[in-house]
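Novice: One structure coming up, written as structure tokens, with questions to follow.
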Amino acid sequence: MTVRLRFAPSPTGPLHIGGARTAIYNWAAARAQGGTFLLRIEDTDRERSTAASLQMILEGLRWVGLRWDEGPEAGGEHGPYFQSERLDRYAATAQQLLDAGAAYRCYATPEEVEEGRRALQERGERPMYDRRHRDLTDAQCAEFEAAGRRASLRFRMPLDERVVLPDLCKGDVEVHTAELDDWVMVRADGMPTYNFACVVDDLAMQISHVVRGEEHLMNGVKQMLLYRALSAEPPRFGHIPLILGPSGKKLSKRDAQTNILDYRDRGFPPEALFNYISTLGWGFSGDRDVFSADEMVERFTVEGIGKAGAKFDEQKMMAICGQYVRATPIDELVRRVRPFCEAAGAVPAAAFDAHPDLVANAVACYQERIDIYGELPAKIAWVFTDDLTMDDAAAKNLRKYEAAGAWLAAVADRLEAADLPPSYPDDRGDADRACRLPSSDGSPAAGSTPFANTADLEQVTRQLADELGAKFGHLVHPIRAALTGTNKGPGLFDVMFLLGKQRCLRRLRAHAS
């Protein structure tokens, strides 16, 4: 069997988390079996489909790392890949089903359909279309036509049959056709509905597996019967569980940002989001949640998807993001955080080019302290501006000890007089002499400070604390507050090394007394 899977979104909104997961699972199943992954756009909803939504979907798929073999922008021999461009095919298949008696014309108005549903409900029966036009004669159809009514086309559901849908995720699903409506295949305006167009396209595009959300389970039964009416072999179905919010109900916008591009704009590593979304229903192994796309492909099977709904856990997602950030080589991390820092005004654009080592050292300083790129600008801004905003905790540290002002003046005097090594930057222009300690592969050495020559700074400061009769820990807090405007961040001597002698002196004296 030639393995062909598809992701078929409607361009009525952005790509959301559930849609991204469906796309990832179809992509992984195709790659795992050496098959083809195609993208089809189901744009028959003329009122709600927009070009802007289509672009958001394409951008979202590309951002999480998915590429399709056939579809928009890729082409392929089974196109066109927009349903709005395939209307002639739907019309021909609808006529085929009408001629075979597997479909029929229905002239009921929406009001008549609702009236019939209410009547069935009042009798204690399942509320559905009451099949009032299931067996119209040609003369009756002509009479409705003459009255100006336009017909929709409905599928002629078998009335008393038990059918079994083999499902790769759910197992065998048995349904009695009495529970199913004579559903509309083609609307009165000539536009096909989801269940009808989906089957026509999957047949024409030779789709071997249909993997989608469990909300489509009953659609799978309807579609299987339509395949039978067309004397065609249905694909293998796999209906995956819902993504749940913290309450256990279906994930909503109240629980998480469901638009994938919102995560891009907040600075989530795309590989991390791919990784986390993949685990919402499927597990790589029992001992780890972090894996690459290639590793997923090596192990993925549709049958391995669980039956129960998976809860979306933002804390766990952030933790996975943090692992990706910490594993990123510094030069690559600088490239990824640059647009966020520039957009926020935290790092001047010129600094990335004029002082690359200073920027790299500053970013390395926070690699263990951020989970997503968007967290960095607010944390790193103190390195590149002297216009500091003092947060409450830092201001408290400046006031905590009565002698703090005098301590800062003494530290400034000692630093000004100290004979520090040449590699200590005396001003912004010398900052490129800062040197990261490389490991054997060129990345910062694990478990070590990313800066050289901070030991000299620490020695000078500790010696001064002894002379002042101050506890070293007490002295550190007001120094950090004066230099960074916050009480958190990298080691104090990394801070001093990054700023350079003259900038440290200016900031210390500004708060000295």
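The values are calculated or read from the model by the stated rules, or taken from the named source; none is laboratory data. Please read these numbers as outputs of a predicted model, since none were measured by experiment. Virtual Cβ from ideal backbone geometry, glycine too; neighbours counted across all protein chains shown. For accessibility, only protein heavy atoms count, side chains too; no ligands or nucleic acids. Shrake-Rupley method; radii C 1.70, N 1.55, O 1.52, S 1.80 Å.
Novice: Given a 1.4 Å probe and the protein chains all in place, what does the accessible area of TRP282 round to, in Å² to the nearest 10?
Specialist: 10
Novice: Please get the size of the charge dipole for the chain, origin at its Cα centre, with Cβ charges of +1 on Lys and Arg and -1 on Asp and Glu, quoted in debye to the nearest 20. The partial results should precede the final answer.
Specialist: Values: 63 positive and 75 negative charges, 171 e Å.
In debye, rounded to 20, the chain gives about 820.
Novice: Taking H placed 1.01 Å from N in the peptide plane, check which residues at least 5 places from HIS16 or on another chain put their amide H under 5 Å from its amide H.
Specialist: Correct list: ILE260.
Novice: Does region 193-317 come out rounded, prolate or oblate, given a ≥ b ≥ c as the square roots of the eigenvalues of its C-alpha gyration tensor, rounded meaning a/c under 1.5 and, failing that, prolate meaning a/b above b/c? Don't jump to the answer; show the numbers that get you there.
Specialist: Working: a/c = 2.13, a/b = 1.75, b/c = 1.22.
Because a/c hits 1.5 or more and a/b exceeds b/c, region 193-317 counts as prolate.
Novice: Take peptides 105-118, 53-66 and line them up by average Cβ neighbours within 10 Å, highest first, as a rough protection proxy. Each step should come with its number before you reach the end.
Specialist: Numbers: 105-118: 15.1, 53-66: 18.9.
Result, highest mean first: 53-66, 105-118.
Novice: Suppose all protein chains stay in the model; what accessible area per residue would a 1.4 Å probe give for the chain, in Å²?
Specialist: On the way: 23530 Å² over 513 residues.
Each residue of the chain exposes 46 Å² on average to a 1.4 Å probe.
Novice: Continuing with this model, one more query. Return the calculated 222 nm mean residue ellipticity for the chain, to the nearest 500 deg cm²/dmol, obtained by summing -39500 (n - 2.57) across DSSP H runs with n ≥ 4 and dividing by the residue count. If you can, show how the numbers build up before the last one.
Specialist: On the way: 21 runs with 232 residues, N = 513.
Computed ellipticity for the chain at 222 nm equals -13500 deg cm²/dmol.
Novice: Could you sort out which of LYS170/LYS316; LYS400/LYS488; LYS379/LYS488; LYS379/LYS400 sit more than 20 Å apart by Cα distance in this structure?
Specialist: LYS170/LYS316; LYS379/LYS400
Novice: What are the ³J(HN,Hα) values, in whole Hz, obtained from phi via the Karplus relation 6.51 cos²θ - 1.76 cosθ + 1.60 with θ = phi - 60°, for each residue of region 383-389 in sequence order, with x given for Gly and Pro?
Specialist: Per-residue couplings from phi come out as 5, 10, 9, 8, 8, 7, 9 Hz.
Novice: Still on this structure, I have one more. Given contacts defined as C-alpha pairs under 8 Å and at least six residues apart, what's the relative contact order of the chain, whole-number percent?
Specialist: Details: 791 pairs, mean separation 62.9, N = 513.
Across the chain, relative contact order equals 12 percent.
Novice: Please compute the length gained on full extension between GLN463 and GLU111, using 0.36 nm multiplied by the number of residues separating them and subtracting their Cα-Cα distance. If you can, show how the numbers build up before the last one.
Specialist: Working: separation 352, 0.36 × 352 = 126.72 nm, distance 8.89 nm.
Value of the extension gain: 117.8 nm.
Novice: Karplus couplings for region 462-479 from phi (6.51 cos²θ - 1.76 cosθ + 1.60, θ = phi - 60°), rounded to Hz, Gly and Pro as x?
Specialist: My calculation for region 462-479 gives 5, 4, 5, 4, 4, 5, 7, x, 9, 5, 4, x, 5, 5, 4, 5, x, 5 Hz in order.
Novice: I've got another one for you. Would you mind computing Rg(Cα) / (2.2 N^0.38 Å) for the chain, counting N as its residues?
Specialist: On the way: Rg = 32.2 Å, N = 513, 2.2 N^0.38 = 23.6 Å.
Rg over 2.2 N^0.38 Å, computed on Cα atoms: 1.37.
Novice: Same structure, new question: Of all accessible surface on the chain at a 1.4 Å probe, what whole percent is carbon and sulfur?
Specialist: On the way: 11170 of 23530 Å².
Summing carbon and sulfur atoms, their accessible area is 47 percent of the total for the chain.
Novice: Next question, about the same structure. If you take the Cα Rg of region 333-376 and divide it by 2.2 N^0.38 Å, with N the number of residues, what do you get?
Specialist: Dividing the Cα Rg of region 333-376 by 2.2 N^0.38 Å gives 1.03.
Novice: Given region 1-90, what whole percent of its Cα pairs are spread farther than 18 Å? If you can, show how the numbers build up before the last one.
Specialist: Numbers: 1688 of 4005 pairs.
Within region 1-90, distances greater than 18 Å cover 42 percent of Cα pairs.
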